[in-house]
2 protein chains.
Amino acid sequence: MSQLTGACVFGQSGGPTSVINASFYGAVKAALDSESITKVYGAAHGIQGILNDVLYDMGQEDPKELRRLLNTPSSALGSCRYKLADPDKDEKDFQRILEIFKKYDIRYFFYNGGNDSMDTCEKVSRYMRRAGWECRVMGIPKTIDNDLFGTDHCPGFGSAAKYIATSCMEIALDAAVYDYPTATVVEIMGRHAGWLAGSAALASRFGSGPDLIYLPEQVFDLEAFLTRCEAVIREKGNVFVAVSEGIQDKEGTFISEYASKSGTDAFGHTQLGGLAVYLADQIKKCCGVKSRGIELSLLQRCGAHLASRTDIDEAMMAGMTAVNTAVAGETGKMVAFDCSRRDGTYACRTKLVPLQDVANYEKKVPQEWILPDGAGVTKEFVSYVLPLIQGDCERETKDGLPRFAKLKKIKA
Amino acid sequence: MSQLTGACVFGQSGGPTSVINASFYGAVKAALDSESITKVYGAAHGIQGILNDVLYDMGQEDPKELRRLLNTPSSALGSCRYKLADPDKDEKDFQRILEIFKKYDIRYFFYNGGNDSMDTCEKVSRYMRRAGWECRVMGIPKTIDNDLFGTDHCPGFGSAAKYIATSCMEIALDAAVYDYPTATVVEIMGRHAGWLAGSAALASRFGSGPDLIYLPEQVFDLEAFLTRCEAVIREKGNVFVAVSEGIQDKEGTFISEYASKSGTDAFGHTQLGGLAVYLADQIKKCCGVKSRGIELSLLQRCGAHLASRTDIDEAMMAGMTAVNTAVAGETGKMVAFDCSRRDGTYACRTKLVPLQDVANYEKKVPQEWILPDGAGVTKEFVSYVLPLIQGDCERETKDGLPRFAKLKKIKA
C-alpha cells in the first residue's frame, strides 16, 4: 500500500472510562514513533476540538507525563457527545473538518469512543473519500458498556467490571452486618446491554455478592421481582440485588421512569437515575425491611485505582494498533479484539472490522447467558468476563493519593 | 496489679469500617497469645450475641484465615445497634449479661465501636463492678466519622478519608470532561462531624477535587450556596461540591429533610439520604446547568481495597493494646491515640482514657479549621488527615478479586 505522510489527530468521545487514556497513550506513542507521521495532535473535546480549531501538540508533552496516562481515568483531552449530521444531507460540519485537516495537513484521524463515535468516524471517512482528501480514519473502541459490535469485548469494560465486582463483594459484607432483615439494591450502568450488571455475578462467585441480578435484555416485572426478594429474605435474612439502570417493563418503559420523568440527551437517550432508591423503597414497602439503594454512578467508570491490568494493556494495544495499521495503509476500520478462552487460557489479538459494520449496532448479552428465571447470569457469562479483570494497575501515588498525568496542552 | 485468669469475649458494634476487623485480629491474636486468657470468644452481633448466648470459639479458627481479617471490610462477627438501658434504672439486660459471663467464666470484655458502643462498655463495666463480678472492660475505638472524644483520631477514619479523597480525584476528572457547564455534588457520611467531608480537600490539594466543601459544623444557607456555585461555574465552567450528609440550616433542620421526611433509628438519629441529588437539582434549577448527585454511601466505609496501611496498622495496634493493658490490670478505659506531627514526621502511640469521658461526646471539626467562608477547610485540617491515609493495604486477590477472610464461626 502507498505511503502516506502527514500529521495525525487523535480525539476522545463519549463517556470516559478508566482506561481510555491508555488507548490515547498507545496511539500517541505509536504516532510519535512513526516516520510517516509528521505531527501528533490531540483534539480538545473530540470532534468539537477539530470544528473549533483547538488542537494540542502532543510532541511537546513530557514523555514521563504521557506515560502516566496509562493510569489516569477520564478523557485527558476532554470529550464530547456531538453528533455529526449525515454528510449526504448536511455538509457544513464536514467542510469545516476538511478545512482544518488541510490547515494542519492531517492525513490520519484516530477517534476513540463507543457506538456514536464509530458513527462519527464512519461519516468523516466517507466524506474525506468523497472530497478527495486522502486521510486514513481508524476507530478505537471504548465503552464500559461493552456493547460494541464486531469485537470480543471493549477496552474500559474489564476495569468497570472489576470495580463493580470488587465493590459488590465489599457491599455484600457491609450490608449483611446486622441481624435484622435488610434489602440492598445496587444500580449499575448499562442502558441497553447488561454486561456491567451481569459482572456483579463475579462477586457472588466468591460467596459475597448479589443474590439477584437484573439485565435490560429481559423484561422486568416489578411484582415478580418483589415476590422473589421476599423469598430470598425469608430464606437468608436479607437480599442483595444488582440492577442495570436500563431495565424496562413489558411495554418498554424504563423502571427508573416509574419514579421520575426526565429529559433526553443529544442522542435522544433517556437520562436515567434514582432507580436503586426506588426499588429499595418498593422492597421496603412490600417486605417491611430496612432497605438501601446505592448507585455506583460515575465511580464505576472512573475508578482507575481498581483498573484491570489486562484492560489497560489491551486499551494501549488498541491505540497502537490503530496507528500502526493506518500507517501500513488501512482506513475506515475499527480496531477489535479476537479472543480465545480455551482450557482456561486466555489470549487476545487485535483485528480490524469495517466501521460501517460497527456504527450504531448494540451488542447485547446473549439470552442463553441469562438464567432461565431472568435473575442472574450463567457460568459462561462469568467465564467470559473473568479474564478481563485480571491483574492490578501500577497505582503510582504521591502522599497516599493517585498521581495522575498532567498534560501541558500546548495549542498547535 | 492482680492477675486475672479467665475467658474473654470480643464484640463489634455500630456501623462497620474497612479496618474494624484489623482491630478484631489484633485483639484476638493478643488474647490467644496471652497466658491469662483461657478462652477467646467472639460475640455474634455485638452485645446481642452475649444476650442471646451466641459466642464463637476463636481458638478453633485457622490462623491464616484470621490474618486475612486485616484486609477484610465490615464486621466479621456481625454488628448491632442495640442500646442498653441505664443499669441504675433497668437491670434486666445486665443480669442476662452477668449470667452469660458466669457461664463462660468471662473475665475480659472487649468492645469495638463508636460513641454508642463506648456507652455500652461503660454501662457493662459499671454494672459488673457493682455486681461484684471481676471483669475487665476495655473499649476499642472505631468510627469512620472520627468523632470520638479523647483520641487524636479513630481507626476507620483514615481509610474512609483515603477512599473519599481518591474517589473525589477520579470524579473531578470525569465530571469535567465535557466542554459545557456541569455541577457535581458528592454526598459524604458524617452526621454531626465533618471530618469525612473535609477529607475531600485532600483531593483538591492535588488540583482535582471539590471546589466547595460543606461541613455540618457550619450553618448551611441554600441561597448563599447557590450564589457560590453560580460564581464558580462562571469562573471555571463547572462546579464540584462535597457535602456532609449532616448539613443543617440555621433552624437545625437537616437539608436532606428538605427533600424527604424520614424515620429515625434506635438511637433517635434521623436517617439521612438523597441530599446529593436534591442539591444537584437545586443547582440545575438555579444555574441551568447539567448536574449530577453522587452518594458515596456504604462504599466509603467498606472500600477495603483502598484501605490505608497506617489505618490498618493502628487499628490492629488498638485491638492488641486493649487486650494487653487489660491483662496488665486496666479496666473501664478506651484505647486512644496520641499523635505528634512535628516537622512533617508523624508518630502515633496508644494511651488509655476513662470510658465515662468518651461515651456519648462527639468531637467536631474545630471552627478554626474551617475556612472563613464556610466552604472548605484549612491547611491545618489537611495536615491533620494526610498522615492517616498513607500506605497501601496488601490486597490479597484470587482471580482478580479480593480474597477476604472466611471464618468457621464454631459456636462455643
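Worth a mention:
- Scope the stretch B:223-235; condition aliphatic (A, V, I, L, M) and surrounded by 15 or more Cβ atoms within 10 Å (Cβ to Cβ); matching residues: B:LEU226, B:VAL232, B:ILE233
- Filtered by the rule that a residue be more than 21 Å from the chain's Cα centre (by Cα) and either among the acidic types (Asp, Glu) or outside any strand (DSSP E or B) (or both), the stretch B:389-412 gives B:GLU396, B:ASP399, B:GLY400, B:ARG403, B:LYS406, B:LEU407, B:LYS408, B:LYS409, B:ILE410, B:ALA412.
- The residues of the stretch A:136-161 that are crowded, with 24+ Cβ neighbours inside 10 Å and part of a loop (DSSP other than H, G, I, E, B), listed by number, are A:LYS142, A:THR143, A:ILE144, A:ASP145, A:ASN146, A:LEU148, A:HIS153, A:CYS154, A:PRO155, A:GLY156.
Here's the yes/no breakdown for (1) in contact with a helix residue (DSSP H, G or I) (Cβ under 8 Å, 6 or more places away or on another chain); (2) more than 27 Å from B:THR72 (Cα to Cα); (3) of a type in the set (A, V, I, L, M):
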| site | (1), (2), (3) |
| --- | --- |
| A:ARG191 | no, yes, no |
| A:GLY207 | no, no, no |
| A:LEU215 | yes, yes, yes |
| A:VAL219 | no, yes, yes |
| A:ARG228 | no, yes, no |
| A:VAL232 | no, no, yes |
| A:PHE240 | yes, no, no |
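- With respect to the stated conditions, B:THR321 fails to be at the interface with chain A (Cβ under 9 Å from one of its Cβ atoms) and among the β-branched types (Val, Ile, Thr).
- Single condition B:THR120 does not satisfy, out of (1) closer than 23 Å to B:ARG341 by Cβ; (2) out of contact with any Pro (no Cβ under 9 Å at 6 or more places or on another chain); (3) among the polar types (S, T, N, Q): (1)
- Flag: B:ASN112 does not match the condition of being within 14 Å of chain A (Cβ to nearest Cβ), in a helix (DSSP H, G or I), among the polar types (S, T, N, Q) and crowded, with 16+ Cβ neighbours inside 10 Å.
- Among the residues making up the stretch A:385-412, those that are in contact (Cβ under 8 Å) with a residue 40 or more places away in the chain, at the interface with another protein chain (Cβ under 8 Å from one of its Cβ atoms) and on the phi > 0 side of the Ramachandran plot are A:GLY391, A:ARG395.
- Failed criterion for B:GLY376 (all others in (1) of a type in the set (Gly, Ala, Ser); (2) away from every other protein chain (no Cβ under 14 Å); (3) under 24 Å from B:ASN21 (Cα atoms) hold): (3)
- For A:ILE164, the criteria (1) part of a loop (DSSP other than H, G, I, E, B); (2) within 14 Å of another protein chain (Cβ to nearest Cβ) hold in every case but one, which is (1).
- Any hit, the stretch A:212-223, residues being under 26 Å from A:ASN146 (Cα atoms), more than 14 Å from every other protein chain (Cβ to nearest Cβ) and among the aromatic types (Phe, Trp, Tyr): yes
- Looking at B:ARG126, B:ARG205, just one residue is among the basic types (Lys, Arg), within 12 Å of chain A (Cβ to nearest Cβ) and surrounded by fewer than 24 Cβ atoms within 10 Å (Cβ to Cβ), and that residue is B:ARG205.
- Any hit, the stretch B:207-216, residues being outside any helix (DSSP H, G or I), farther than 30 Å from B:GLY319 by Cβ and modelled with pLDDT under 95: yes
- With respect to the stated conditions, A:ARG342 fails to be farther than 23 Å from A:ALA193 by Cβ and within 11 Å of chain B (Cβ to nearest Cβ).
- The stretch A:239-266, subset surrounded by fewer than 13 Cβ atoms within 10 Å (Cβ to Cβ) and in contact with a Phe, Trp or Tyr (Cβ under 9 Å, 6 or more places away or on another chain), residue modelled with the lowest pLDDT: A:ALA266
- Within the span defined as the stretch A:111-120, every residue fails to be assigned by TED's automatic domain parsing to the domain that holds A:TYR25 and free of Cβ contacts under 8 Å to residues at least 60 places away in the same chain.
- Residues that are more than 13 Å from chain A (Cβ to nearest Cβ) and either charged (D, E, K, R) or in a helix (DSSP H, G or I) (or both) do not occur anywhere in the stretch B:174-185.
- All conditions in (1) more than 27 Å from A:GLU35 (Cβ to Cβ); (2) more than 14 Å from every other protein chain (Cβ to nearest Cβ) hold for A:LEU352, with the sole exception of (1).
- Residue within the stretch B:187-199 that is within 13 Å of chain A (Cβ to nearest Cβ) and either free of Cβ contacts under 8 Å to residues at least 40 places away in the same chain or not aliphatic (A, V, I, L, M) (or both) present: yes
- Taking residues in the stretch B:219-236 that are closer than 20 Å to B:THR253 by Cβ, and partners anywhere that are in a helix (DSSP H, G or I), the pairs with Cβ atoms closer than 7 Å and at least 6 places apart or on different chains are B:LEU222/B:GLN282; B:LEU226/B:GLN282; B:LEU226/B:ILE283; B:LEU226/B:CYS286.
- Boolean, A:GLY246 is in contact with a helix residue (DSSP H, G or I) (Cβ under 9 Å, 6 or more places away or on another chain), over 25 Å from B:ALA76 (Cβ atoms), assigned to a helix (DSSP H, G or I) and more than 14 Å from chain B (Cβ to nearest Cβ): no
The values are calculated or read from the model by the stated rules, or taken from the named source; none is laboratory data. Everything quoted here is computed from the prediction, not taken from an experiment. FYI the Cβ positions are ideal-geometry reconstructions off the backbone, even for glycines, and counts take in every protein chain you see.
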